[in-house]
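To start, the structure itself, in structure tokens.
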Amino acid sequence: MARTRLQKCTACGAYGFSETCEKCGAQAQAAGPMRFSPEDTRADIRRKLKDVESKQWAANLPSPEDEEE
Ligand SMILES: [Zn+2]
């Protein structure tokens, strides 16, 4: 886990920074959602990495037809 963020126990609701609860030992999950910015400054880089302008990428996208199998 690279990020240190507030975790909340799924069993007793205690807060901590560990993925396992310090009080009861149950699994803890992130207490809040990941930070999101509508001004995604890295979107351009990500698009280049995934090569989204290629026809190959478009063909690999999931479609409703695939789900009916
Ligand atoms: Zn707990």
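At-a-glance table
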| read-out | value |
| --- | --- |
| Matching residues, segment 44-63, being part of a loop (DSSP other than H, G, I, E, B) and among the aliphatic types (A, V, I, L, M) | V52, L61 |
| Odd one out for K23 among (1) of a type in the set (D, E, K, R); (2) touching a strand residue (DSSP E or B) at 6+ places or on another chain (Cβ under 8 Å); (3) modelled with pLDDT under 85 | (3) |
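The values are calculated or read from the model by the stated rules, or taken from the named source; none is laboratory data. Fair warning: this is a prediction, and the values are worked out from it, not measured in the lab. A quick note on method: Cβ atoms are made from the backbone with ideal geometry, for glycine too, and the neighbour counts reach across all protein chains shown.
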